[in-house]
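Below is one structure; the comments refer to it alone.
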Amino acid sequence: MITDNSKQIKHHNLRKEVILSNTLSLHKISIEGYDNQNIEELYQHYAIQIPNRIIQAAKKRKLEFLIGRLALRSALNAQGIEYFNLVNDKLGAPIWPEPLHGSLSHTIDNSFFGSAIATINITNQHVGIDIEFKKNQLLFNQQPNMINQFLNSLETKNIEVFSPISSLLYLIIFSAKESIIKAVYSKYGKILNFLEIQLMDYCKENKKLYFEINLSNLIIKVEVHYLILSLEIITYCMVN
């Protein structure tokens, strides 16, 4: 089920949506055609601290970080948790204080139209989430060799016998693997590459993809859910 609680946030072309799916609440912030207003003023307005690594970053990076933190604030508030400055480890992954397990993702284009998604889980399941603009599928259509970077030969062969999920097939699989990488790193502290994650099957009716990972002789099976929105696709998963 998807519940759309869309509303404008103040006057900065920001839009908030809350998507309820299974046991997770997905909090999405979008920005539409950001103008040349000073980005630092937006940080001040929404009381978001700019980390040192972002201060000298390009406008696009500053904007995606901001909407990501606004999505995080929405997710935290829904759990009755006051917003805090989430820090990252040396590899750039967020460090979640116990008992929280969360995940963030953002996508933005050069016209400064962007979306960010965040979710918080307070059970012992580690969560991974990813958001991509649907138009990014064009990259795989225009540069088919890119597919070999995240699908191995066996997966490619399996996909040939699948009924197509949609015209977004490759983008959904790419995004699903991004979600898995985040969840597995959160749980095990292990950084996976795309080719270590094996696509096994999918269920179009339930909008699920099924993957298998061999992690130091430990076989991990992961279900990834996907959602197709008007402009974006979202994937998410949980790892026990």
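Table for the structure above
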| item | result |
| --- | --- |
| Some residue of the range 145-153 being part of a strand (DSSP E or B) and in contact with a helix residue (DSSP H, G or I) (Cβ under 8 Å, 6 or more places away or on another chain) | no |
| I159 in contact with a His (Cβ under 9 Å, 6 or more places away or on another chain) and surrounded by 12 or more Cβ atoms within 10 Å (Cβ to Cβ) | no |
| Residue that is nearest to the chain's Cα centre (by Cα) [pool: residues in the range 192-205 that are surrounded by 11 or more Cβ atoms within 10 Å (Cβ to Cβ) and assigned to a loop (DSSP other than H, G, I, E, B)] | L192 |
| Boolean, E160 is farther than 30 Å from A58 by Cα and assigned to a helix (DSSP H, G or I) | yes |
| Residue pairs meeting the criteria (Cβ under 7 Å; at least 6 apart or on separate chains; first under 16 Å from P94 (Cβ atoms), in the range 45-59; second part of a loop (DSSP other than H, G, I, E, B) and open to solvent by 40 Å² or more (accessible area, probe 1.4 Å)) | Q49/N85 |
| The lone exception for D130 - which of (1) over 23 Å from I172 (Cα atoms); (2) touching an Asp or Glu at 6+ places or on another chain (Cβ under 8 Å) it fails | (1) |
| Some residue of the range 13-20 being part of a loop (DSSP other than H, G, I, E, B), modelled with pLDDT under 90 and not basic (K, R) | yes |
| Wholly within the range 33-104, helices (runs of 4 or more DSSP H) carrying at least 1 residues that are open to solvent by less than 20 Å² (accessible area, probe 1.4 Å), within 20 Å of L14 (Cα to Cα) and not acidic (D, E) | 39-45, 59-78 |
| Of all residues in the range 206-232 being surrounded by fewer than 16 Cβ atoms within 10 Å (Cβ to Cβ) and touching a helix residue (DSSP H, G or I) at 6+ places or on another chain (Cβ under 7 Å), the one that is farthest from A116 (Cα to Cα) | L215 |
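The values are calculated or read from the model by the stated rules, or taken from the named source; none is laboratory data. The model shown is predicted, which means the values in this text are computed figures rather than measured ones. In this analysis, Cβ positions are derived from the backbone assuming ideal geometry, glycine residues included, and neighbour counts consider all displayed protein chains. Heads up: the accessible areas ignore ligands, DNA and RNA and are worked out on the full protein's heavy atoms, side chains in. Shrake-Rupley method; radii C 1.70, N 1.55, O 1.52, S 1.80 Å.
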